[in-house]
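Everything below concerns the one structure shown next.
The values are calculated or read from the model by the stated rules, or taken from the named source; none is laboratory data. As the structure is a prediction and not an experimental result, all values here were calculated from the model. No Cβ is skipped: glycine too gets one built from the backbone with ideal geometry, and neighbour counts run over all protein chains shown. In case anyone asks, the SASA skips ligands and DNA or RNA and just uses the protein heavy atoms, side chains included. Shrake-Rupley method; radii C 1.70, N 1.55, O 1.52, S 1.80 Å.
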Amino acid sequence: MEESGTGNAGKRRFGLLMPFLCAVLGLYALQPATAAPDAKRIQSLVLKKADGYFFTSASCMYSLDIGGVDPSTVTVYMNTIPEHVELLSIKKEAYIPASPAEGEGTGTHIEVSVRFSKSGDYRLFPLDVQIAGRFYTLQFENVHVYENAQRISPKLSVDVASPYVPSGTKTLSVEAGEHIIFTVYIQYAVQVASLSWTIPENSLFKEIRRYDMAGNAVHPDFSPELCPLVMFDWQPLSAGTYTLPAVEVSATAYNGALTDMEFPRYTVSVRPAPVAQADAAKSSFAAEAGAAFEPPAGLVQELAAVPLSDADLDMLVQLHRAERRRFPLAFLWGRDAVKERRAAEERFGLQPGAPSAGVPLFFMLLVAAVLCAVLAAFFAAAKKMPAAVLSAVLLAACAAGAVASGVLCARHYALCRGGPLFPIPERNATGLAVVRRGSRVRVLDTAGGWVYVSLLDTSGWIPAAEIVPIE
């Protein structure tokens, strides 16, 4: 009897436990299942560099965010390390995605720190990542590693931009009396301390433009970009073999050291010029040193002579702006902005340009069109058809004039400070031409620090700093 009682009690306890177990299992079943990570999305992720530039002998970091993946389910491996690369650390931590597109819930932020012992282009081997039991291989971004900024010495380079000389070569061939226009660039420098040169014998040598390096002194952060220093026009007058006139430059490096830089060596083979050209060159060379240099015909676009000072350039800009704001009938008072601007261009040796569209004319035509429309409606309502027809004709003429004037006013123009015109927004590209200082160009497009302009039949890119907008 006792055994039977014990068995019944056990059955009763089991019967009471069953509903509890069923309730626990039911609640567990109601819990939302953890969403499996999107394998396609994760496989497309790339570890990108977290710093602006990578340097040798310094900690360089790659980073990656995996949205919607809890860090507790992530394991990271880096099995293969390339030559000249040292793995410093791999970290993972939780982060909250900023947008639903990155995933929901907690995400995983991964940081990989490495150190490079040699400069150059690198692409690390894929990173192995295990997420919730599944394996993925994630690619690293291609990077360029620069020599440590504390060890880099400033460098000089030369870009020859002349219609007679091919760009990108260090062996030049010209005739005596021809112009060689070249620009000296500096790289990996904070500030230029000194700049000088020696005028070659038996030749004409002229500084065309001096560029300002003050921006690097104010913002001494590292930059691999080439910075222009000075532009020259060299005219050898006798046949022979020469080297490009050397420019002596001292500059401050990123480690604070003052460095005297080596000027690139260019070999220039000068052929004898025809007799007429040689006589003209000799007479030009015989002129006193302070005489003004006049470029030969046909070199207006190629030769970037600088007949204008900064004050003259500002004055010419103001004349262009006054021309755009001129009253349509200003010439009746004996003073016309177009005549003043053209006279200034002729005084500076520039080709006078066509008149600019006047903004007041556009508004006058627009107001006239509105008035004609009101009169046409009024006369039509009053059944005075001849007057209504005449008003409609005047409306069409004023509207057409307003549209044409508006299109011309909407065009953007600027004055060029002088410099090469490039086919692509790259300073290392071969120049199409050299735009003369003070020339008016039409602005067609902008991209970053470059502006796409047109001048006569030539279009190309020019740095934004080299133009002054005409409002």
> Can you name every residue in the stretch 362-372 that is of a type in the set (A, V, I, L, M) and open to solvent by less than 80 Å² (accessible area, probe 1.4 Å)?
Replying inline: 365, 366, 368, 369
> Of all residues in the stretch 414-428, which are part of a strand (DSSP E or B) and at pLDDT below 85?
Replying inline: 419, 420, 421, 422
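Quick grid of which residues meet (1) at pLDDT 75 or above; (2) open to solvent by 50 Å² or more (accessible area, probe 1.4 Å):
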| residue | (1), (2) |
| --- | --- |
| 313 | yes, no |
| 328 | no, no |
| 332 | no, yes |
| 352 | no, no |
| 360 | yes, no |
| 387 | yes, no |
| 391 | yes, no |
| 411 | yes, yes |
> Restricting attention to the stretch 442-459, and to residues there that are under 14 Å from the mean Cα position of the chain (by Cα) and not hydroxyl-bearing (Ser, Thr, Tyr), which single residue is surrounded by the fewest Cβ atoms within 10 Å (Cβ to Cβ)?
Replying inline: 448
> If you take just the strands (runs of 3 or more DSSP E) that sit entirely in the stretch 188-257, which of them hold at least 2 residues that are aromatic (Phe, Trp, Tyr), open to solvent by less than 50 Å² (accessible area, probe 1.4 Å) and at pLDDT 85 or above?
Replying inline: 227-236
>> Could you check the stretch 81-103 and list, in sequence order, the residues that are in a loop (DSSP other than H, G, I, E, B), modelled with pLDDT of 85 or more, open to solvent by 40 Å² or more (accessible area, probe 1.4 Å) and at negative phi?
In response: 81, 83
> Going through the stretch 430-465 one residue at a time, which ones are of a type in the set (Gly, Ala, Ser), under 12 Å from residue 420 (Cα atoms) and modelled with pLDDT of 80 or more?
Replying inline: 459, 460
> So which residues in the stretch 42-62 are open to solvent by less than 40 Å² (accessible area, probe 1.4 Å) and either more than 20 Å from residue 224 (Cβ to Cβ) or not aliphatic (A, V, I, L, M) (or both), if there are any at all?
Replying inline: 42, 45, 47, 54, 56, 60, 62
> For residue 67, are the conditions met, namely being exposed (fewer than 12 other Cβ atoms within 10 Å of the Cβ) and touching a helix residue (DSSP H, G or I) at 6+ places or on another chain (Cβ under 9 Å)?
Replying inline: no
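Among the residues of the stretch 400-414, are any touching a strand residue (DSSP E or B) at 6+ places or on another chain (Cβ under 7 Å) and of a type in the set (Gly, Ala, Ser)?
There is at least one residue in the stretch 400-414 that is touching a strand residue (DSSP E or B) at 6+ places or on another chain (Cβ under 7 Å) and of a type in the set (Gly, Ala, Ser).
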> Which one of these does residue 370 not meet: (1) part of a helix (DSSP H, G or I); (2) hydrophobic (A, V, I, L, M, F, W, C); (3) within 27 Å of residue 311 (Cα to Cα)?
Replying inline: (3)
